[in-house]
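Encoded as structure tokens, the structure appears first; notes follow it.
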Amino acid sequence: MVISPHHVLAALVLVVVVVLLKPIVNPLRHVRGPWLARFSDVWYLRQLSRGSFEQENQKLHQTYGPIVRYGPNRYSICEPSAAKTIYGHGTQFAKSTWYSSWATPGSWSLFPDQDIKRHAHGRSLFQSTYSMTALVSYEPFVDECGTLFCQRLQEVAERGEPVDMRHWFQCYAFDVIGLITFGNRFGFLDRGEDVGSLIQALDGHLYYATLVGLLPSLHPLLYKIRNLWAGSKGSGRGYLLNFTLEQIAHHRAGADAMLEKEATGDTDEARTEPFLSKFLAKHAENPEKFSHQHIVASCVSNIVAGSDTTAISLSAILYYLLKNPTCLQSLRAEIDEFQSRGQLSNYPSFKETQQMTYLQATIKEALRMHPATGLPLERVVPRDGIEIAGRHFPKGAIVGINTWVEHRNPAYFGQDADQFRPERWLTKDTEELSRMNQHWMPFGLGSRTCIGRHISMLEITKVIPRIVRDFDFELSPSAARQEATWSTQNLWFVKPTDFIVRVKARGKAP
Ligand code: HEM
């Protein structure tokens with residue numbers, strides 16, 4: 001058949017009719033939101049490319065109420081019972097197709113998995129490795145990086161130059177992840193720069209996955225083209241995957257050499273086992289249950305999810321302390337008190353920091369004010385549909401809560417929800433505390449809650465008292481002004497882009 005201009009025109013008319021008709025027959029047509037979002041995801045795509053959707057999402061709820069449309073089939077929810085309904089343990093809300101661009105096409109990984117059963121099985125294989133009980137044995141790794149980090153701060157202080165603290169926090173987080181995962185630092189803290197262009201590749205992956213998530217059917221093709229274009233090392237996730245495979249190969253070679261030494265009685269080296277050694281042992285025990293793909297997926301996840309998130313959270317804690325000097329004073333008073341009682345070591349232990357109530361409240365409050373992820377955690381309504389805030393959502397509708405919207409809601413956190421006030425977490429009112437805890441979700445909720453949160457909390461709780469005790473940090477006069485706020489870019493992770501400070505040593509050896 002010859003395709004004539006008439007055929008093309010007819011097809012175009014049909015597409016336009018379908019696009020225009022869909023919103024009219026949609027049972028959720030009464031849900032309000034931006035006009036263009038009714039017809040196409042282009043509105044959301046444009047917002048994502050602007051990099052400030054966490055702010056836009058809050059404005060949408062202020063304008064349109066607790067349920068807001070941000071795409072033809074996407075609904076942002078801000079309603080007290082929604083968190084439990086959507087994310088609670090045992091619910092059947094799978095992740096939306098937006099997550100598919102976070103996986104290598106054709107292979108499995110925990111974070112983007114849309115298959116509830118497979119995810120539950122996969123997660124159970126990793127759970128014990130990522131538990132807090134297992135992680136405290138990694139304290140020496142964190143101390144090693146903490147010491148190097150403080151040495152770098154000391155040098156920065158001596159030079160008197162302003163520095164980008166988010167960059168240094170990312171160096172710290174990356175090197176901890178390298179040690180915990182592969183048993184060696186990547187060298188970020190040694191060199192203070194983007195070793196092996198990992199940060200660049202990670203940024204590329206975030207940009208790609210955030211936007212291409214709205215065009216999931218194109219992901220396999222775009223992923224391939226992008227990597228072919230970039231050459232043998234690949235680009236974005238492809239690059240990080242190749243890097244991980246190299247690390248695994250190195251580790252395997254090192255492990256073989258070590259086994260040989262042990263067999264000949266040539267070593268008495270005591271080894272703390274990194275994750276990779278544990279995974280390889282699990283694989284050797286039962287290669288079908290714990291496959292090579294499980295090993296690779298988890299190691300890549302650690303690299304992708306384990307540095308930016310922790311660096312953002314550390315930055316938020318320090319930033320809000322600097323913007324609120326009385327809170328900084330209170331934290332220092334607690335640190336001094338613990339130190340004078342001999343309850344805080346030079347390298348604070350995780351156990352010691354758990355007793356420091358103001359420190360814990362400060363961390364919690366900073367993660368409330370600036371959660372690392374800034375887009376709705378999208379889920380698909382299951383088979384029977386669901387009732388939320390008196391409205392029926394049919395099967396297939398995409399619903400989600402944006403942590404930034406949840407965390408700034410005065411109904412949960414009080415009229416001063418926009419203010420940094422760690423004291424709110426020290427209230428004696430158990431009802432208020434329980435309500436706030438229910439809506440505090442920087443690590444997500446339910447069965448898809450962050451598996452790496454204990455790694456981050458270990459890094460955060462150990463290093464914050466150490467740097468607050470040993471250094472002074474100063475924002476520039478313009479950034480320190482009360483009304484000034486830092487700039488951020490939201491590509492799933494909400495990264496500060498101008499966290500520049502001057503560092504001064506406080507007269508104690510780091
Ligand atoms: C302060 C640091 C961190 C924050 C704020 C954070 C935040 C989150 C959030 C909000 C989710 C849920 C996403 C969703 O429901 O769509 C998540 C999941 C996840 N995170 Fe983290 N994360 C952090 C650190 C880490 C680290 C250090 C790792 C690994 C080393 C990690 C690995 C993961 C993985 C694998 C998932 C998917 C879990 C699953 O679906 O079962 N995260 N994270």
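Take the conditions (1) open to solvent by less than 20 Å² (accessible area, probe 1.4 Å); (2) in contact (Cβ under 8 Å) with a residue 40 or more places away in the chain; (3) within 16 Å of the ligand (Cβ to nearest atom); (4) of a type outside the set (Phe, Trp, Tyr); Asp113 misses just one of them, which is (2). Output yes when any residue across the stretch 123-141 is polar (S, T, N, Q) and open to solvent by less than 10 Å² (accessible area, probe 1.4 Å), and no when none is. Checked the stretch 123-141: at least one residue is polar (S, T, N, Q) and open to solvent by less than 10 Å² (accessible area, probe 1.4 Å). Residues in the stretch 34-65 that are out of contact with any Pro (no Cβ under 9 Å at 6 or more places or on another chain) and outside any helix (DSSP H, G or I) were compared, and the one that is most open to solvent (accessible area, probe 1.4 Å) is Trp35. Report whether or not Ala284 is surrounded by fewer than 21 Cβ atoms within 10 Å (Cβ to Cβ), small (Gly, Ala, Ser), out of contact with any helix residue (DSSP H, G or I) (no Cβ under 8 Å at 6 or more places or on another chain) and part of a helix (DSSP H, G or I). Criteria met by Ala284. A search for C-beta distances below 7 Å between a residue of the stretch 356-372 that is without any contact (Cβ under 8 Å) to a residue 24 or more places away in the chain and any residue that is near the ligand (Cβ under 10 Å from one of its atoms) and part of a helix (DSSP H, G or I), counting only pairs 6+ apart in sequence or on different chains, returns nothing. Annotation note: Cβ proximity below 6 Å between a residue of the stretch 313-334 that is assigned to a helix (DSSP H, G or I) and a residue that is charged (D, E, K, R) (sequence gap 6+ or interchain) occurs for Ser315/Arg166.
Take the stretch 188-204 and flag every residue that is acidic (Asp, Glu) and touching a Leu at 6+ places or on another chain (Cβ under 9 Å).
Asp190, Asp203
State whether the residues of the stretch 373-384 include one that is part of a loop (DSSP other than H, G, I, E, B), touching a helix residue (DSSP H, G or I) at 6+ places or on another chain (Cβ under 7 Å), among the small types (Gly, Ala, Ser) and in contact (Cβ under 8 Å) with a residue 60 or more places away in the chain. Looking for residues that are part of a loop (DSSP other than H, G, I, E, B), touching a helix residue (DSSP H, G or I) at 6+ places or on another chain (Cβ under 7 Å), among the small types (Gly, Ala, Ser) and in contact (Cβ under 8 Å) with a residue 60 or more places away in the chain, one finds at least one in the stretch 373-384, hence yes. None of Gly385, Gly414, Gly390 is out of contact with any strand residue (DSSP E or B) (no Cβ under 8 Å at 6 or more places or on another chain), on the phi > 0 side of the Ramachandran plot and at pLDDT 95 or above except Gly414. Annotation: Leu125 fulfils all but one of (1) in contact (Cβ under 8 Å) with a residue 24 or more places away in the chain; (2) within 18 Å of the chain's Cα centre (by Cα); the unmet one is (2).
The values are calculated or read from the model by the stated rules, or taken from the named source; none is laboratory data. These numbers come from a predicted model, not from an experiment. Quick reminder, even Gly has a Cβ in these numbers, built from the backbone with ideal geometry, and neighbours come from all protein chains shown. Remember, those area values only see protein heavy atoms, side chains included, never the ligands or the DNA or RNA. Shrake-Rupley method; radii C 1.70, N 1.55, O 1.52, S 1.80 Å.
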